[in-house]
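The values are calculated or read from the model by the stated rules, or taken from the named source; none is laboratory data. Because the structure is predicted, anything quoted here is derived from the model rather than measured. All Cβ positions, even for glycine, are placed from backbone atoms using ideal geometry, and neighbour counts span all protein chains on display. The area values use the complete protein model at the heavy-atom level, side chains included, leaving out ligands, DNA and RNA. Shrake-Rupley method; radii C 1.70, N 1.55, O 1.52, S 1.80 Å.
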Amino acid sequence: MRSRKTSNGFTVNTIAGAYVIFFGMNLTAAARKGFRGFAFKREDHKTGEVTWLRGLKTFETIEPHPAPGENFSTLEHPIQSFQWADYSVHPGYNYTYTIQCMYGEPGKLVSKIKITIPIKAEVETGKTHSAFFNRGSVATQEYARRFLNKRPEVAGPGAYEWLSRGLIEAIVAFIERVKAGHSLHGAIYEF
């Protein structure tokens, strides 16, 4: 699913996958004065959970020495990038994101412009085609946090399962569907 919304010089483009929703933001020059970053609020329509998403970077004047892997609310420490992604979504779930442009001094930030975007995460298995993605290099910080930065063979089966995110099971199921006398073709890269 793709979406684009604009309000008061603020534009948000979203692209949803099965496990990731990617955001690309833009602000006009007039909207950048005093701008400190983007705060992300997510409403999960299946679970009812409403939360401010979290990031790793902080304002040094507020949190000068964050612990490795510690994360912080984007409402207080907004994302200071014009692209960001939520890697904690679930296939087929409906979400509503509110992205706020935060202004002012750290510790006293105010929202001046916001956009609300409903978006549905894709599903892996479709009627004609299916697409599965394991966790690649973008998930390295989360892997290090979850598995104490141990190699998968040391961390155990749970590490392989987390990295695969259903890809191994999908490949095995796909191979098992091949009937005698038929051939199997696949595009597989980056082993």
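Candidates (1) 1.52; (2) 1.10; (3) 1.22; which is the computed Cα Rg over 2.2 N^0.38 Å? Computed from the coordinates, Cα Rg over 2.2 N^0.38 Å corresponds to (3). Note on residue 65 and residue 32: with the Förster distance fixed at 30 Å, the Cβ-Cβ geometry gives a FRET efficiency of about 0.55.
Among the GluC sites (Glu not before Pro) in the stretch 27-73, those located in a DSSP loop and surrounded by at most 16 other Cβ atoms within 10 Å of their own Cβ are 49, 60, 70.
Pull out a ≥ b ≥ c, the square roots of the eigenvalues of the alpha-carbon gyration tensor of the stretch 101-191, then state rounded if a/c is under 1.5, prolate if not and a/b is larger than b/c, and oblate in the remaining case.
Details: a/c = 4.02, a/b = 1.67, b/c = 2.40.
Because a/c hits 1.5 or more and a/b fails to exceed b/c, the stretch 101-191 counts as oblate.
Computed in the context of the full set of protein chains, the accessible area of the chain at 1.4 Å probe radius has 54% of its extent on carbon or sulfur. Note on residue 151 and residue 11: with the Förster distance fixed at 45 Å, the Cβ-Cβ geometry gives a FRET efficiency of about 0.60. Dipole orientation for the stretch 1-157: of the candidates 74, 157, 38, 38 has the Cα lying most toward the positive pole (charges on Cβ; Lys, Arg +1; Asp, Glu -1). For the chain, lysine pairs separated by 8 or more sequence positions, or belonging to different chains, with Cα-Cα distances below 20 Å total 15. Distance from the Cα centroid of the stretch 17-36 to that of the stretch 60-106 is 12 Å (rounded to whole angstrom).
Seen against the Cα atoms of the chain and their longest principal axis, helix 167-176 is set at about 30 degrees. Using the Cβ-Cβ distance between residue 83 and residue 50 with R0 set to 25 Å, the FRET efficiency works out to roughly 0.60.
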